[in-house]
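First up is the structure itself, then whatever we jot down about it.
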Amino acid sequence: MYEIQWFKVESNIFSNRKIQIILKLPEGDTYFRVWMQLISLAVESNNEGRLEIGENNPMTIENFSKIMGKSKKKVQRIIEEFVKLEMLVKEEETFLIKNWNKYQSIEKYEKYQRQNRERQRKYREKLKSEKEKGNVIQMLGNAEEKNKKDLEAIKEENIREEGENGFRQYPK
């Protein structure tokens, strides 16, 4: 399952014939608002456009009424209109937003999620690889630094052993 916190609304929603019919009904603005709330509830249900409370627990007219703050009678009338216009479908006791996956582009969203996961995996591998290279370079750098210090120490020792004339002095 995926978890989304948004829903897609096309910019030409008001050109949709069914929306135009709804808006011309008495209280058409209320119908439209209820439609948007139903879409939002379907997103929250996160089950392919099914209007449920929890898993496999269909929302009832009474649930819609409480959630939307409308009378059961009004919600019943609005839901019946959506079913008549084939915007909602009822399977047994569950209402579904018709063509949910088509309108919400769920396949595209899931593809986008897969691509993001793959991109993130590659990025982490690259970071890990660079870090490992960095450790090797740092270790090599540390070895070079140690070798330089050893060479400097040897040079200093040699200089101390040389006498005033630049030749090495050996004890007698």
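The values are calculated or read from the model by the stated rules, or taken from the named source; none is laboratory data. Please read all numbers here as calculations on a predicted model, not as lab measurements. No Cβ is skipped: glycine too gets one built from the backbone with ideal geometry, and neighbour counts run over all protein chains shown. SASA here: full protein model, heavy atoms, side chains in, ligands and nucleic acids out. Shrake-Rupley method; radii C 1.70, N 1.55, O 1.52, S 1.80 Å.
A single entry from Ile159, Ile137, Ile79, Ile154 fulfils the requirement of being at pLDDT 70 or above and over 30 Å from Gln20 (Cβ atoms): Ile154.
Just for the range 67-89: of the residues that are part of a loop (DSSP other than H, G, I, E, B) and open to solvent by less than 40 Å² (accessible area, probe 1.4 Å), which one is nearest to Gln104 (Cα to Cα)? Going through the qualifying residues, I end up with Met87. Whenever a residue of the range 104-129 is on the phi < 0 side of the Ramachandran plot, its partners that are of a type in the set (Phe, Trp, Tyr) and modelled with pLDDT of 70 or more, lying with C-beta atoms within less than 7 angstrom and at least six residues away or across chains, give the pairs Gln104/Phe7.
One line per residue, one yes/no per condition, for (1) of a type in the set (Phe, Trp, Tyr); (2) within 30 Å of the chain's Cα centre (by Cα); (3) surrounded by 13 or more Cβ atoms within 10 Å (Cβ to Cβ):
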| position | (1), (2), (3) |
| --- | --- |
| Trp35 | yes, yes, yes |
| Ile39 | no, yes, yes |
| Glu44 | no, yes, yes |
| Asn47 | no, yes, yes |
| Gly54 | no, yes, no |
| Met59 | no, yes, yes |
| Glu62 | no, no, no |
| Ser65 | no, no, yes |
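Looking only at the range 1-46, residues that are of a type in the set (Ser, Thr, Tyr), more than 20 Å from Trp100 (Cβ to Cβ) and outside any helix (DSSP H, G or I) come to 0 in all. Exactly one condition in (1) in contact with a Leu (Cβ under 7 Å, 6 or more places away or on another chain); (2) without any contact (Cβ under 8 Å) to a residue 40 or more places away in the chain is not met by Leu38; state its number. The one condition Leu38 does not meet is (2). On the given criteria, is Gly28 without any contact (Cβ under 8 Å) to a residue 12 or more places away in the chain and open to solvent by less than 30 Å² (accessible area, probe 1.4 Å)? Criteria met by Gly28.
Scanning the range 91-131 for residues that are modelled with pLDDT of 85 or more, open to solvent by less than 100 Å² (accessible area, probe 1.4 Å), under 25 Å from Leu51 (Cα atoms) and not aromatic (Phe, Trp, Tyr) yields Glu91, Thr94, Leu96, Ile97, Lys98.
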